[in-house]
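Encoded as structure tokens, the structure appears first; notes follow it.
The values are calculated or read from the model by the stated rules, or taken from the named source; none is laboratory data. What you see is a predicted model, and the numbers here were worked out from it, not measured in a lab. Reconstructed Cβ throughout: ideal geometry from the backbone, glycine too, with neighbour counts over all protein chains shown.
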Amino acid sequence: MGAKMVEFNGWDMPVEYPASIGGGIIAEHMAVRTGVGIFDVSHMGDIRLAGPQALAAVQHISMNDASRLAIGQAQYSALLYPQGTFVDDVIVHRLGEDEYLLVINAGTREKDFNWVRDNTRQFNCAVENLSDEFTQIAIQGPKGVNLLQKLTDANLSAVKFYWVTRGRLCGLDNILVGRTGYTAEDGFEIYIPSDEATSSRVWNEILAAGKEFGVVPCGLGARNTLRLEGKLPLYGHEISDTINVWEAGLDRFCKMEKPDFIGRGALEKARAAGVKRTLVGLEMTGRGIARDGYKVLDSGDREIGYVTSGSPAPFLKKNIALAYVPTEISDVGTAVKVEIRGQGVGAVVVPTPFYKRPKKTS
Amino acid sequence: MAYPTDRKYTKEHEWIHVDGNSATVGITNYAQESLGDIVFVETPKVGAELSAGKTFGTVESVKAVSDLFAPASGTVTEVNGELATSPEKVNKDAHGSWMVKMTLKNPKELDALLSAADYEKFVAEEAGH
């Protein structure tokens, strides 16, 4: 489609689409916030756990409490190392009585699958890597439900956020459709057979069905600015194998009251010892754009932390960033500086998420 | 596209329009297209000394920071203040959006720069990769 392409963890992916078809990072970002945008997210991985002890297996490796999931329900979680740091973040979907689907990041497909397989051997459950079987397409934005409903017999208005359903879609039977996404907007992710013919047919049918809503194909550039505005973590930035759950501020997805899971012991100790650094949201007050890896300085120009992700925010029209700083100076309103090409530029700690989608009243 | 013949070009995609001993500098249409939405332009202050081939500022898109390279040596006499508030003007009209005006220290430096025709050829080869 004439997109600017880039290599991403072994995948050839679009950064942004041509302006001539309504693309460009800013236009794509705004389409998702006000209408609908679609993403080919097939690079994401899929691991299926099924069997009599599938729940026990998931509970062992995932920090959230999967026993709360009804069939058809999903939750955000993470796989942790024994040190309480991140293997990856994940969305856990309960597809059946004893069947769970973990959707994981592209860059960590092999690592995650090996980790899951190696750490669930003691449970009576099959672990399958289904990553190559699915093409995954995300349809995101307030008009996403209107677009997708045209293409499926599943009743999408009955699907609550973070729930899934199955239905006939674009002539394909029993397609998994989840009301999930990585944009901080309402939207869906669909999982279709990964053969080239099916994938491109469905992609084009979605584009055609979305014409009346001004649908725009979106690339990695907008994917990043959208998730950043919503403070959604990106592996390798806000979360990694050297960052723990408390530092990353993901407490509410970590159910310490669960009997046991990998990483629980270390997290208990870390919490008791006091959390030294904290992920905060920054808004630039001076003229400049904070970017990934830039240093955060205190008022005396001493280095105190670093930016994990930083960018202009197209919807908010501000320059924002997420950064790790010492816990004692993480309060909202704290003034700091970000070092940009040798100069300290003013920034302030702000509440996060930077953006929250408006509540639908109907 | 046909690049304006009233100016010269660099391989780093800047243009320089000469008027006597002064010159105006900006970036080319190819540059703005490659960059995507431009959100920030950082230029030197009036009085700053520019050195041919050395960086003199930055232009930022949503995703990336790109250096601006001086096409010629000289002193900055004026800076386009509009770009501080409306950097997107560079996307809309790259050849009409000047960034700095300068006096030229050594006009002969321009002989080494590309003509519109040569720049067009250069860009066609770049785009072909």
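With the requirement that a residue be out of contact with any helix residue (DSSP H, G or I) (no Cβ under 6 Å at 6 or more places or on another chain), free of Cβ contacts under 8 Å to residues at least 60 places away in the same chain and not small (Gly, Ala, Ser), what does region A:161-191 give you? Passing the criteria: A:161, A:166, A:168, A:169, A:172, A:173, A:174, A:175, A:177, A:179, A:190.
All of (1) within 21 Å of residue A:12 (Cα to Cα); (2) at pLDDT below 95 hold for residue A:260 with one exception: (1).
Yes or no: residue B:61 within 12 Å of chain A (Cβ to nearest Cβ) and buried (at least 19 other Cβ atoms within 10 Å of the Cβ)? The answer is yes for residue B:61. Residue A:121 falls short on exactly one of the conditions (1) touching a helix residue (DSSP H, G or I) at 6+ places or on another chain (Cβ under 8 Å); (2) free of Cβ contacts under 8 Å to residues at least 60 places away in the same chain; (3) basic (Lys, Arg), and that condition is (1). Those helices (runs of 4 or more DSSP H) of region A:179-276 in which 3 or more residues are more than 23 Å from the chain's Cα centre (by Cα), assigned by TED's automatic domain parsing to the domain that holds residue A:112 and under 25 Å from residue A:139 (Cα atoms) occupy A:196-210. The sole residue among A:360, A:318, A:337 that is more than 21 Å from the chain's Cα centre (by Cα), outside the structural domain of residue A:140 (by TED's automatic domain parsing), of a type outside the set (A, V, I, L, M, F, W, C) and crowded, with 18+ Cβ neighbours inside 10 Å is A:337. Just need a number here: residues in region B:25-40 that are at the interface with chain A (Cβ under 10 Å from one of its Cβ atoms) and over 20 Å from residue A:317 (Cα atoms). Count: 2. Residues that are in a loop (DSSP other than H, G, I, E, B), β-branched (Val, Ile, Thr) and away from chain B (no Cβ under 14 Å) within region A:283-301 comprise just one, A:285. Are there any strands (runs of 3 or more DSSP E) wholly within region A:302-351 with 1 or more residues that are in contact with a helix residue (DSSP H, G or I) (Cβ under 7 Å, 6 or more places away or on another chain) and either within 13 Å of chain B (Cβ to nearest Cβ) or touching a residue at least 24 places away in the same chain (Cβ under 8 Å) (or both), and if so which? Per the criteria, A:303-313, A:318-326. When A:10, A:45 are screened for being crowded, with 21+ Cβ neighbours inside 10 Å and modelled with pLDDT under 95, only A:45 passes.
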